[in-house]
Amino acid sequence: MAVRLKSVDIIYDKGDIEYSLEKKYNIRELKTYLNLTTSLHIFVVTTMCNMGCVYCQANNGLKNSNMVMDYDVAEKSVDIALDSPEKNLTFEFQGGEPLLNFDIIRHIIEYSQKKKGSHDIEYSVVTNLTLLSDEMIELFKEYNVNVSTSIDGSEIIHNYNRKYKDGTGTYKKVVSSIERLRKEGVNVGAIETTTRNSLQHPEDIVKTYVELGFDSIFIRTLTQLGKATKNCLKIGYTAEEFIEFYKRAIDELIKINLSGKYIKEEHCSILLRKIYGRFINYMELRSP
């Protein structure tokens with residue numbers, strides 16, 4: 001029993017005090033988030049979307065896929081979020097395609113600015129960027145809204161995965177929108193979702209991100225929700241197949257970095273920081 005208690009730092013020998021205190025301090029630092037209250041608030045402003053991606057997560061069996069948040073719900077949602085004792089809050093707008101309900105996004109931002117009191121609020125929007133307008137860019141500039149979009153690789157790969165409902169591709173439109181946002185100083189990030197069609201092209205996918213001027217890529221597996229479940233036989237893969245794809249992508253990233261061009265893979269960065277005992281508050285790889 002004593003050996004077991006010692007192994008979990010409940011008891012320790014006299015000579016182990018210094019090590020034990022240092023270890024406990026490191027554990028407390030790693031679990032800092034357990035002392036935090038709710039800081040991330042996600043506003044699903046609509047379930048509608050103008051695209052028909054092969055792996056759409058939003059299309060997850062909802063009986064009504066045309067729901068839109070109204071002004072009353074928006075204000076009540078903001079009021080609830082502002083009840084959080086956390087000083088630094090993040091409001092993230094999702095969908096469907098959230099820009100289909102841009103008026104509500106504007107209202108939430110302006111209403112929360114009036115009501116925020118001592119809170120500091122950071123805004124972000126997860127969008128396919130096919131509906132971007134000058135009015136939207138101006139709002140994003142004014143309130144420093146971070147924009148997150150999806151680029152699945154080269155034009156051929158991206159257009160296979162992410163297309164309009166009529167089957168035409170979205171790559172050129174998305175790239176054009178990224179360029180417009182950058183020109184106006186708006187921060188844009190992107191994630192990649194891997195389908196079976198991606199597996200033989202990890203190097204091309206990484207090179208596409210470099211060519212588009214990104215300094216990071218977030219390589220993701222399919223999430224078994226919505227269309228990804230229905231299309232599993234066509235776009236799915238085994239864990240072993242993904243690992244081989246991921247290894248090749250990392251090898252390409254290393255080559256590019258060794259050539260003097262900096263780019264990182266976000267999942268790898270998170271995992272390495274966790275392995276080396278650094279605090280990282282990334283919810284999907286957190287325990288608890």
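The values are calculated or read from the model by the stated rules, or taken from the named source; none is laboratory data. Nothing here was measured: the structure is a model prediction, and the numbers come from that model. Positions of Cβ are generated from backbone atoms using ideal geometry, with glycine treated the same way; all protein chains shown enter the neighbour counts.
Suppose we keep only residues that are of a type in the set (D, E, K, R) and modelled with pLDDT under 90 within region 220-233. Which one would you say is surrounded by the fewest Cβ atoms within 10 Å (Cβ to Cβ)?
Checking each candidate, the answer is K230.
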* Asked: Right, K230: over 19 Å from T149 (Cα atoms) and in contact with a helix residue (DSSP H, G or I) (Cβ under 9 Å, 6 or more places away or on another chain) or not?
  -> no
* Give me the pairs, please: first residue somewhere in region 258-276 and part of a strand (DSSP E or B), second residue anywhere and at pLDDT 95 or above and not hydrophobic (A, V, I, L, M, F, W, C), beta-carbon distance under 6 Å, and either six or more positions apart or on two chains. => K264/S216
* Residues I109, I137: which one is touching a helix residue (DSSP H, G or I) at 6+ places or on another chain (Cβ under 9 Å) and under 21 Å from T170 (Cβ atoms)? -> I137
* Structure fact -> When I108 is run through (1) farther than 17 Å from V68 by Cβ; (2) touching a residue at least 40 places away in the same chain (Cβ under 8 Å); (3) β-branched (V, I, T), the failure sits at (1)
* To do: Report, by residue number, each residue of region 83-138 that is within 22 Å of the chain's Cα centre (by Cα) and among the hydroxyl-bearing types (S, T, Y).
  => T90, Y123, S124, T127, T130
* Mind listing just one residue for me: the one in region 277-288 that is part of a helix (DSSP H, G or I) and among the aliphatic types (A, V, I, L, M) and, of those, surrounded by the fewest Cβ atoms within 10 Å (Cβ to Cβ)? => M283
* **Residue in region 234-267 that is surrounded by the most Cβ atoms within 10 Å (Cβ to Cβ), counting only those that are of a type in the set (D, E) and under 22 Å from the mean Cα position of the chain (by Cα)** => E265
* Structure fact -> Per the filter on region 249-283, residues touching a Pro at 6+ places or on another chain (Cβ under 8 Å) and within 24 Å of V54 (Cα to Cα) are A249
* Look at A81 and say whether it is within 26 Å of L222 (Cα to Cα) and either modelled with pLDDT of 95 or more or aliphatic (A, V, I, L, M) (or both). => no
* To do: Mind telling me which of the residues E142, E203, E179 ends up being touching an Asp or Glu at 6+ places or on another chain (Cβ under 6 Å) and either under 23 Å from I243 (Cα atoms) or free of Cβ contacts under 8 Å to residues at least 12 places away in the same chain (or both)?
  => E203
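If the requirement is being touching a residue at least 60 places away in the same chain (Cβ under 8 Å) and either over 21 Å from I263 (Cβ atoms) or among the hydrophobic types (A, V, I, L, M, F, W, C) (or both), which of these qualifies: T170, T193?
One residue alone meets the criteria, T170.
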